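Throughout, read-outs are computed from the coordinates displayed, never taken from laboratory work. These numbers were taken from a predicted model, which means no experiment stands behind them. For neighbour counting, all protein chains shown are included, and Cβ atoms are generated from backbone atoms with ideal geometry for every residue, glycine included.
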Amino acid sequence: MRTRFAHIEELIAREPCADQSETGTAGWLARLCRAAVSELASSGVAVSLMDETGSLGVAAASDPRSALVVELQFTLGEGPCVDSFATRRPVLVPDLPGEPATRWPAYAGAVEAHGIRAVFAFPLQIGAARLGVLDVFRDHAGSLTLETLTQALSFAEVATKSLLEGQEAAGEGRTPSGLDDVLESRFEVYQAQGMVMIQLQVGLTQAMSRLRAHAFAHDRPLGDVARDVVARRLVLQRDST
């Protein structure tokens, strides 16, 4: 077990930085995602942070497409990542086009349009604490081998360890290095949700649904839509999406 974790950490340490801003916990997670791509024979890997409400933010990704596909789950409120976090179990989808249309009615078609054919989601957790999810994407259908599944679980454990160590280094009440943007975006979504609730005189759940519907209809990340609502550049109308 220790040897496998040490091997993964060595792979991450050897992974070159994409730019000078790739430092701290966020930089380590970005390199973890890129190292996992080749090690897991995948086309993309991403790490998301989530909280008890199910809100999600992309902490790191191996490439822009993977970040976009994870962001779609937040925008739509459904997908393997969301289910993995909620159930505390891996969600393995070796043939996404073959899944029942009712499982993720909006998400499945959206990610297929980006060429994703298989998704494997692994919760980042320790004890009762849940931190987020590691997603592994493939451009082709097919199950993970037992060896690759074991490696993916190990990458998830290393990601969990990195987040916990980053939080410990940051100190109580502070954000692990490089992850401020993720939390700021999440807070903006909460703020926008409250504003829409008041503007449309609806409940919190319906307010979030309206934000998500607008984001999906206009092909925009939910965080961008929330930012516009908070800045009052966008006001949702009762009959708008």
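Only Cα pairs under 8 Å and 6+ residues apart enter the sum, and on that basis the relative contact order of the chain stands at 19 percent.
Overall, the chain carries a charge dipole of about 400 debye about its Cα centre when +1 sits on the Cβ of Lys and Arg and -1 on the Cβ of Asp and Glu, all other atoms neutral.
Between the amide H of Asp139 and those of Ser43, Arg117, distances stay under 5 Å, these residues lying 5 or more places away or on another chain, with hydrogens modeled in the peptide plane. If amide H atoms are built 1.01 Å from N in the plane of the peptide, which residues on other chains or at least 5 residues away come under 5 Å of the amide H of Leu124? The answer is Leu131, Gly132, Val133, Leu134. Among Leu134, Leu146, Leu11, the largest mean-square fluctuation in a Gaussian network model of the chain (Cα springs under 10 Å) belongs to Leu146. Taking amide H atoms as placed 1.01 Å from N in the peptide plane, the amide H of Ala60 lies under 5 Å from those of Val47, each 5 or more residues away in sequence or on another chain.
Just Ala46, Ala121, Ala129 to compare: in a GNM of the chain, with alpha carbon springs under 10 Å, which one fluctuates most? Of the options given, Ala129 has the highest mean-square fluctuation. In sequence order, segment 26-43 has phi-based couplings of 4, x, 4, 5, 5, 5, 4, 4, 5, 5, 5, 4, 6, 5, 9, 6, 10, 9 Hz under the Karplus curve 6.51 cos²θ - 1.76 cosθ + 1.60, θ = phi - 60°, and Gly or Pro positions carry x. Summarising the label geometry, the points placed 7 Å from Cα in the beta-carbon direction at Asp63 and Leu153 lie 2.8 nm from one another. Counting only DSSP H runs of at least 4 residues, each contributing -39500 (n - 2.57), and dividing by the residue count of the chain, the helix-based mean residue ellipticity at 222 nm comes to -16500 deg cm²/dmol. Taking trypsin sites (Lys or Arg not before Pro) as exposed when their DSSP state is a loop state and no more than 11 other Cβ atoms lie within 10 Å, the longest site-free interval of the chain runs over 1-87. Listed from fewest to most Cβ neighbours within 10 Å, the set Ile12, Ile198, Ile126, Ile116 follows the order Ile198, Ile126, Ile12, Ile116.
In order along segment 126-134, phi translates into HN-Hα couplings of 8, x, 8, 7, 10, 10, x, 8, 9 Hz, rounded to whole numbers, per the Karplus curve 6.51 cos²θ - 1.76 cosθ + 1.60 with θ = phi - 60° and x for Gly and Pro.
Fewest neighbouring Cβ atoms within 10 Å first, the residues Asp219, Asp83, Asp228 line up as Asp219, Asp228, Asp83.
When the Cα positions of Gly79, Val69, Met195 are compared along the charge dipole of the chain, Met195 comes out farthest toward the positive end, with charges on each C-beta of Lys, Arg, Asp and Glu.
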